[in-house]
Amino acid sequence: MPTSKKIETNALDLLMDDHKNVRKMFKEFERVHAKASPEDKQELVDQICAELMMHTTVEEEIFYPAARAAIEDDDLMNEAEVEHASARDLIEQIQLMDPSDPMYDAKVTVLGEYVDHHVQEEEKEMFPKVKKAKLNLDAIGEEILEAKETHGAGLLAGHKPKGRARGSSART
């Protein structure tokens, strides 16, 4: 009988893996942005933005509703949703910019700092409360995996908003 590796389905583990992956990409951006070609920089930032959009979408559609009901901490959940909205706004600004724009690197760096702050709050405040609430984190994790598989292809394939001005000096 073939052995198959068990797929991790705990929602908190999946979300923390996303956090780790995005942090790694931001560190890579920090390391290479000054020397990278605009095209290489653009490719990395597109990947960061796609991962963040996928992550925020599954959190907002699947994880946050379950967490909100379980932990009954509206302030914490409301702040998380506002932080997501602000990150999405910054992502949209970045996606409309040319990577040679003098503000491009600054906006990506600020997005990284913003995401890091948000991740710290989730992992230190929200996730422990969710864990104590005894939610079925495997069932939520399975929903997250399914959503990523069925809806993620467009986001992770580098979907960009209409009107993206590559090679021009579009600014926000």
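No lab work stands behind these numbers, since they all come straight from the coordinates. Just so you know, these numbers come straight off a predicted model, no measurement behind them. Positions of Cβ are backbone-derived with ideal geometry, glycine not excepted, and every protein chain shown enters the neighbour counts.
Summary table
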{"quantity": "Cα gyration tensor, the range 11-156 - rounded (a/c under 1.5), prolate or oblate", "calculated": "prolate"}
{"quantity": "Two-site label geometry, residue 76 and residue 21: point separation in nm, points 7 Å out along Cα→Cβ", "calculated": "2.5 nm"}
{"quantity": "Convex hull volume per residue for the range 14-73, taking Cα atoms only, in Å³", "calculated": "81 Å³"}
{"quantity": "Cα-centred dipole magnitude for the range 1-120, charges only on beta-carbon of K, R (+1) and D, E (-1), debye, nearest 20", "calculated": "640 debye"}
{"quantity": "Positive-end residue of 87, 63, 104, charge dipole of the range 41-148 with Cβ unit charges", "calculated": "63"}
{"quantity": "Summed side-chain charge close to residue 70 - residues other than residue 70 whose Cβ falls under 13 Å, Lys, Arg +1, Asp, Glu -1", "calculated": "+2"}
